[in-house]
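Trainee: Can you keep this structure in mind? I'll have questions shortly.
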Amino acid sequence: MSQSLYIFAGSYAEPENSGVYVYRFAENTGSLTLAYEYQGLKNPTFLNVDAAKHRLYAISEGTDAAGKKIGEAAAFAIDAATGALNLLNKAATVEAPTCHIQRDPSGKYLIVASYHGGMIGLVELTAEGHVGKLADVKQ
């Protein structure tokens, strides 16, 4: 049995609409089939996949207690058999909406960037792949 190849796409969306999409890619035909979609995040426009650990990380837009827009990151477990996403957690990152997310080479941190706030943040990842606390921010 061959392993499925999945393509992940983020988009602008309100939390009540789907914003993260998982497509199954058929290499022999080049076709994409929608395998799964996730709703619950605001504007998860940029994603990062850790294929080895079956994790997906997404940026999201949140609000602080005063109603100001902030950055969030969400961590998902990827079901390799179906492409389904299981939300592990989401957490605040920097004090402005973010536009990029990346893992560092060690896999211990997420790096998020915000052009709205002109900042970059370093966010810890737990051993289980959950989004941890903000370790550092530079503006």
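Trainee: How would TYR109, TYR12 rank on accessible area, largest to smallest, probe 1.4 Å? Please list the in-between numbers first.
Mentor: Numbers: TYR109 75, TYR12 175 Å².
Highest to lowest solvent-accessible surface, that is TYR12, TYR109.
Trainee: At 1.4 Å probe size, with the rest of the protein present, what percent of the exposed accessible area of the chain is carbon and sulfur atoms? Could the numbers behind the result be given before it?
Mentor: Values: 4010 of 7610 Å².
The value for the chain is 53 percent carbon and sulfur by accessible area.
Trainee: Tell me, what is the 1.4 Å probe accessible area of LYS133, in Å² to the nearest 10?
Mentor: Accessible surface of LYS133 is approximately 130 Å².
Trainee: May I ask you to give the solvent-accessible area per residue for the chain, in square angstrom, as obtained with a 1.4 angstrom probe? Please report the intermediate quantities before stating the final value.
Mentor: Numbers: 7610 Å² over 139 residues.
Ligands and nucleic acids excluded, the figure is 55 Å² per residue.
Trainee: Going by amide H atoms built from the backbone, whose H comes under 5 Å of the H on ASN17, apart from near neighbours?
Mentor: For ASN17, the qualifying residues are GLY40.
Trainee: Between GLU16 and HIS100, 0.36 nm times their residue separation minus their Cα-Cα distance comes to what? Before the final figure, lay out each step's value.
Mentor: Values: separation 84, 0.36 × 84 = 30.24 nm, distance 2.21 nm.
So the chain would gain 28.0 nm between GLU16 and HIS100.
Trainee: What dipole magnitude, in Debye to the nearest 20, does the chain give about its Cα centre under +1 on Lys/Arg Cβ and -1 on Asp/Glu Cβ?
Mentor: Values: 11 positive and 14 negative charges, 36 e Å.
So the magnitude is around 180 debye.
Trainee: Taking only the C-alpha atoms, wrap a convex hull around segment 1-97 and report its volume per residue in Å³ as a whole number. It would help to have the intermediate numbers written out before the result.
Mentor: On the way: hull volume 9.1 nm³, N = 97.
With only Cα atoms used, segment 1-97 gives 94 Å³ per residue.
Trainee: Rounding to the nearest 20 debye, state how big the charge dipole of segment 37-81 is about its Cα centre with +1 on each Lys and Arg Cβ and -1 on each Asp and Glu Cβ.
Mentor: On the way: 5 positive and 6 negative charges, 25 e Å.
About 120 debye.
Trainee: Taking H placed 1.01 Å from N in the peptide plane, check which residues at least 5 places from MET119 or on another chain put their amide H under 5 Å from its amide H.
Mentor: Here SER114 satisfy the definition.
The values are calculated or read from the model by the stated rules, or taken from the named source; none is laboratory data. These numbers come from a predicted model, not from an experiment. Please note: Cβ atoms are built from the backbone with ideal geometry, for glycine as well, and neighbour counts cover all protein chains shown. Surface areas here come from the heavy atoms of the whole protein model, side chains and all, with no ligands, DNA or RNA. Shrake-Rupley method; radii C 1.70, N 1.55, O 1.52, S 1.80 Å.
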